[in-house]
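**Q** After the structure tokens below, expect a handful of questions from me.
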Amino acid sequence: MTLFENDVTASTLPKRSVWTAMKRGFMQKCPQCGSGALFSRYLKVTDTCDACGEALHHHRADDAPAYFTIAIVGKVVVGLFVWLELAYAPPYWLHAVIWTPVLLAMSLGFLPLMKGAIVGLQWANYMHGFNPNFVEGDDIEMPGDDRLKEQGVS
């Protein structure tokens, strides 16, 4: 199966609202029904929604939540850090006392929100196992795969 053949099967499925699914995931709720809990622990996505029974175990959020968390928290904290430095010029130890707990709290707070939004995005777009036509272990050939096979790289 090629990359583009997979698009045909995905286009025959009913449309899902990306924004609604991401908003529900951001609120740490099931992207399908919006009422069941998305996480069983801090960042552990439940296998199935306890309200509607939607399977959620096959998401692949990987590093995307951490990337978006770093981008958001970094921009906010660096902006505030620079403002404080230019306005008041406090000693560096005071910066460390202020910004270390702020960074930790914001990062730990945003991480599950971002992961929920990513899971919602994947659900809405039928990505990975959320596509009912997806067969586990059915690899999609990416452009250049044949050249890598010829070189002995798998």
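The values are calculated or read from the model by the stated rules, or taken from the named source; none is laboratory data. Small disclaimer: the values here were computed from a predicted structure and weren't measured. Cβ placement follows ideal geometry from the backbone for every residue including glycine, while neighbour counts extend to all protein chains displayed. These area figures cover heavy atoms from the full protein model, side chains too; ligands, DNA and RNA do not enter into them. Shrake-Rupley method; radii C 1.70, N 1.55, O 1.52, S 1.80 Å.
**Q** Just how far, in whole angstrom, is the stretch 47-87 from the stretch 99-123 if you go by their alpha carbon centroids?
**A** 3 Å
**Q** If each of Trp93 and Asp63 carries a label point 7 Å out from its Cα toward its Cβ, how far apart are those two points in nm?
**A** Simple spin-label model gives 3.7 nm for this pair.
**Q** Quick one: work out Rg over Rh on the C-alpha atoms of the stretch 1-118, Rh as Kirkwood radius.
**A** On the way: Rg = 19.3 Å, Rh = 16.8 Å.
Across the stretch 1-118, the Cα-based Rg/Rh ratio is 1.15.
**Q** OK, next. Could you provide, to the nearest whole Å², the per residue accessible area of the stretch 28-128 with probe 1.4 Å?
**A** 57 Å²
**Q** On to the next question. Cross-link list Lys15/Lys115; Lys29/Lys115; Lys29/Lys75; Lys44/Lys115: which exceed 20 angstrom alpha carbon to alpha carbon?
**A** In this structure, Lys15/Lys115; Lys29/Lys75 exceed 20 Å between Cα atoms.
**Q** In whole Å, largest first, what are the principal axis extents of the Cα atoms in the stretch 24-82?
**A** 48, 21, 17
**Q** Mean shadow of the stretch 76-122, computed from the convex hull of its alpha carbons, in nm²?
**A** Value for the stretch 76-122: 3.6 nm².
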